[in-house]
Each structure stands twice: as C-alpha cells, then as structure tokens.
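Report on one structure; see the data block that follows.
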Amino acid sequence: MRKNVSIISCCFLLLNTVFLSSADAKERVITLGGKEGWGRVSEKEGVTTGVGRFGYDALKLDTNSRVQDSDTDLLLDFEELEPVDVTGHYKVVSSDIVPGESGKMGKTAGLSRGTGGIRLRGGNGSIFGTSGIAGSFLIEFWLNPSVAENGESVFSWRSSRTVDASPLYQMINASFYKNHLEWLFTNVFDGYKKDSGEIHIASYSTIIPDVWTHHSISFDEDSGLLEYRINGKLEAMRFITSTGTEMGGTIYQPVLGVAADIDICPSYTGLIDDFRIQNSARNDIAYDMRYDTYRRAGGRFKTSPILVSKEARLTRVDALLSEPEQTSVVLYIRSSDNYFTWDENSPEWYPVTNHADISKELKGMYFQLAADLYPDGSGAVSPSVMQVDLHFVEVEAPLPPFRVDAQAGDGEVTLSWTYSVDSSTGGYYVYYGERPGEYLGREAVQGESPVDVGNVNRITFKGLKNGKIYYFAIAAYSRVNDEIMGVLSKEVYARPLKK
C-alpha cells in the first residue's frame, strides 16, 4: 500500500482539478499583470514597470541608464525625490533641483531652474575630494536645455594649489556660449603654461533647446588626449602634451589642489539626467549601448515557478501586448513536477504563440513564464506587456465519501463508507490518528497514516490499542494519478475494547 502521500500534499491539492476527457475537462486561468499585478515576476533584466492600459502596471524595457561600476566616482541618476550620489562618495551639500516630469534615462530627470543647482562635497578618495594627481577621468551627462543662454553654467569647480610657494588659482567650468557648450580648464594640468594655463575645448555642434543630447569629456593620462563628444560624435580634441601632439614630449597630468565642492547646473535652466564621473577615460560600452534610449539587445523577465496541480496541462497563453512597429515580444513556457531541480536551461523553454493553441504537451505541477522584449532598430521604442493569461486544464479531484462509519472491536476498528459519487475516483486514502484533526497514526498493521486502501469501501484496521480513542477521515484520489486527492470526509472515531 502507498504510504508516501503527505498531509501537506493534501492541503495543496484540495482545490485543484484536472481533465480526463472533454466531459471531465476543467479549464483554469492564472492571470499575471493587469489588476492582479506582477507579484509573481521574480527576475527582471533590462525590464521595468510603467503605466499600461487602464492605469495598471505594464512591463517594458528599462531605459539605458548608467549604472555604478568599479570606475564610477560619482553618479546622479535623479530617480529619487532628492538628488543623491549613488556611489556614496559625494555628499549633497545643497540642492535646488527638483524631479522633472520625464527622464531621458530612467523614470525621471533633474529639473534645474537656474537658481543654484546641486553642490556636492567629495569624500577622501574621490576625484574632487582629494588633492594631488587626478589621473584619467571622464565626465558625462544628458542635457535638455530650455534656452541655452550665454553664461549658463552646467559644471563648476574652483580651487587653488601652491606652486613655487605661490598660490595658483584653478578652475574647471562648462558653460554655454552662442548655443555651444564650452569647457575651460585653468591651471589644472601641471606644467601647462601656454595661454596663462587655460585650455578651451568647445562643441562644434549647436545645442538646440528642448532636445536631449549626451555630453562626455575625458582625459587619458597615458596619451594626454582630452576629447569632447556629443551623442558619441567627436566634437573637439586636444593633446595636453609639450608637443601638442601624441608623438613624443611630456604629458601634462591633471593635478588638483585643495579639495573643494563641485557645482552641477549652478546657473542652468532645463533638464539633466544621469550625471556621471568616472576615474578612467575608457568606456567599454558600445555606441548603440551608450546613447540609445533602450538597449538593442532587449530585456527579459521571468516568473517564479507557479504551483498548479498534478497532471495540469497548459493549453494557451493570451497576452495583452503593445508591439509598435519593429518591436517584438517573445513568450516562453516550461513545466515539470519538481522545480527544485530546475536551472536556466532545464527543463527546456518552449516558445509559444500568443492566442494560439499549444500543440506540445506542456504538463506538470509547476509552470514558469518568461518573455523577451526587443526595441525597434533605433533603440528608441519599447514594446510592453500589460497582462498574461495562462490557460490550463486539470484533472478534477474526486469528492470524498458522503457517509463514513467506524465500529470498534478488540484491538481493531472497522471502517465502512459509501463510494464517492465521482466516476473518476481511483481509490481512497484513510487518515488516522489519536487526536481530532491530527492524523499521525503509526500503530495499525496497515502502516502509518495515510493508508492507500485501493478502490474499496470497507477495511479493518488491526493492531490498535484497547482503551485508546482513534480518529479517522477518508479522501478519494483520482484514477489518473493517486497524488490528485480531494478534500477529507467528515471525521469519525472509535475506541477499541476487549469484550
């Protein structure tokens, strides 16, 4: 007799049903998203939530926001109500920047109203919080100016250092002049004395108001190359060397004096997003990965394994999608009876067509859904998933016996019951124990609770102790699978006695 069906399994399976034939078929639907939310989604890579139809959350591609890595010195992503350096290297001293309605990268940008911007103080070890040789660096950010008036400043740092016992004023500034953004480095590069130590480098392209552009300026300590790019396109470059070229000569290294605060957007009106400083000039991110709104490689989300019931079979997936031209959403499903052995590729993911009947037999106690989301070819438009309905069929758990009777004897109890009214019944489990509702019995000759007695309606439990009261309940199981079990019958009891 079968003994390995646990009471816990019973609790999970009480409410589940399955299909034997079209007459017995019981269709079930599990809804993900919509008003049910996305609580079953356990993994998201390059995917975030946004507003979908009827105001419910939808899953769509995350924007190509900058993330912190080992080279990141400062990162302001403007995703919080108050600006904060994600790295923790800099402390916000003051801020007049408020959240903008929409961001270029992420959900929000910073809105500067030309009344002070953000002042940050670097900690020890940060580029602008430490005196001495700065080495290679890169400063990058997204801008969407309202006007781009002359003199509006996007970045400012002012300090001084002592050279030959005399103070030397230092400055790094980025400001607008005739709709171009100009960078000025004053006495920053040690040994550079031409033009009173000033280095100007400006954009070739005109900065247009109300248009997002990505700006980056970097210095390579190994070559002396200072270059300025907009949207990845080279705007201007200078070799900060004694020869003014990359061939020979001395490379003038940036040396920063007294640690001083930096000001971002001190007199700038417009939006700014993803302001980042890194302590190297390299950037391993390809052009299309850096400046597209969405990564062309797309994103993916997965649900946790979803418990259904034994012998459940997936029949169709209905997804409410938004797929603008050139975008795509690809749905995948996998299933088995035991998800503890799953890894990324086993069991195999099976691609399913939205709204189409599934021809492959996807059957098991657990289902898992995954989806790949792909943007258009320019990386500017994202698809979205608003709701997914998983349609599956189950074998219906049979009803318990309507009547159960227990008669005590000498060291035994005889149970009898009416057969279940369900024709799908394959047999019965008898649960027994010594306390009401606790069926943990082990004394009977038939074995420990529960006991698979087969498809009968009478059995005598022997080996019980006289004078002790025993409690019994019976559950019917399906002929398709004996682990598909219905609810328990009404409890009965009996006390064996020697007469």
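Quick look at the values:
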read-out	value
Test: residue in the stretch 109-127 that is in contact (Cβ under 8 Å) with a residue 24 or more places away in the chain and within 26 Å of M237 (Cβ to Cβ)	yes
Residue within the stretch 361-378 that is farther than 30 Å from N231 by Cα, open to solvent by 50 Å² or more (accessible area, probe 1.4 Å), in a strand (DSSP E or B) and out of contact with any His (no Cβ under 8 Å at 6 or more places or on another chain) present	yes
Within the stretch 451-471, considering residues that are hydrophobic (A, V, I, L, M, F, W, C) and over 15 Å from T418 (Cα atoms), the one most open to solvent (accessible area, probe 1.4 Å)	I469
Test: L184 is free of Cβ contacts under 8 Å to residues at least 24 places away in the same chain, open to solvent by less than 60 Å² (accessible area, probe 1.4 Å), among the aliphatic types (A, V, I, L, M) and in contact with a strand residue (DSSP E or B) (Cβ under 6 Å, 6 or more places away or on another chain)	yes
Residue list for the stretch 349-360, filter: closer than 22 Å to T48 by Cα and either touching a residue at least 40 places away in the same chain (Cβ under 8 Å) or open to solvent by less than 20 Å² (accessible area, probe 1.4 Å) (or both)	none
Number of positions in the stretch 283-299 that are part of a loop (DSSP other than H, G, I, E, B) and modelled with pLDDT under 65	4
Near pairs, Cβ below 8 angstrom, 6+ apart or cross-chain, from the stretch 471-497 (at pLDDT 95 or above) to any residue that is open to solvent by 30 Å² or more (accessible area, probe 1.4 Å) and among the basic types (K, R)	Y471/R435; A473/K490; R495/K468; P496/K465; P496/K468
Neighbours by Cβ (under 7 Å, 6+ apart or cross-chain): first from the stretch 57-73, closer than 18 Å to R282 by Cα; second open to solvent by 60 Å² or more (accessible area, probe 1.4 Å) and in a loop (DSSP other than H, G, I, E, B)	Q68/V86; D71/N279; D73/H89; D73/N279
Flag for L81 being in contact (Cβ under 8 Å) with a residue 12 or more places away in the chain, open to solvent by less than 50 Å² (accessible area, probe 1.4 Å) and more than 16 Å from the chain's Cα centre (by Cα)	no
Every residue from the stretch 417-450 that is farther than 18 Å from K490 by Cβ, of a type in the set (A, V, I, L, M, F, W, C) and open to solvent by less than 20 Å² (accessible area, probe 1.4 Å)	A444
Filter result for the condition that a residue is open to solvent by less than 10 Å² (accessible area, probe 1.4 Å) and under 40 Å from the mean Cα position of the chain (by Cα), over L234, L226	L226
Subset tally (residues that are of a type in the set (K, R) and open to solvent by less than 80 Å² (accessible area, probe 1.4 Å)) for the stretch 39-60	1
Those residues of the stretch 262-281 which are in contact with a helix residue (DSSP H, G or I) (Cβ under 8 Å, 6 or more places away or on another chain) and either modelled with pLDDT of 95 or more or part of a strand (DSSP E or B) (or both), in sequence order	I262, I277
Qualifying residue in the stretch 328-342 (condition: out of contact with any Phe, Trp or Tyr (no Cβ under 9 Å at 6 or more places or on another chain) and in a strand (DSSP E or B))	yes
Some residue of the stretch 308-320 being part of a loop (DSSP other than H, G, I, E, B) and touching a helix residue (DSSP H, G or I) at 6+ places or on another chain (Cβ under 8 Å)	yes
Residues of the stretch 259-275 classified as buried (at least 24 other Cβ atoms within 10 Å of the Cβ) and charged (D, E, K, R), total	2
Sole exception among (1) outside any loop (DSSP other than H, G, I, E, B); (2) of a type outside the set (K, R); (3) closer than 15 Å to G103 by Cα; (4) in contact with a Phe, Trp or Tyr (Cβ under 9 Å, 6 or more places away or on another chain) for F78, by number	(1)
Evaluation of T115 against (1) in contact with an Asp or Glu (Cβ under 6 Å, 6 or more places away or on another chain); (2) surrounded by 16 or more Cβ atoms within 10 Å (Cβ to Cβ) (one fails), failing number	(2)
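Quick grid of which residues meet (1) modelled with pLDDT under 95; (2) of a type in the set (F, W, Y):
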| position | (1), (2) |
| --- | --- |
| A370 | no, no |
| Y374 | no, yes |
| V385 | no, no |
| V388 | no, no |
| E396 | yes, no |
| L399 | yes, no |
| G411 | no, no |
| Y419 | yes, yes |
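The values are calculated or read from the model by the stated rules, or taken from the named source; none is laboratory data. This one's a predicted model, so the numbers in the text were calculated from it and none came from an experiment. Cβ atoms come from the backbone with ideal geometry, glycine included; neighbour counts cover every protein chain shown. Surface accessibility is based on the protein's heavy atoms, side chains included, excluding ligands, DNA and RNA. Shrake-Rupley method; radii C 1.70, N 1.55, O 1.52, S 1.80 Å.
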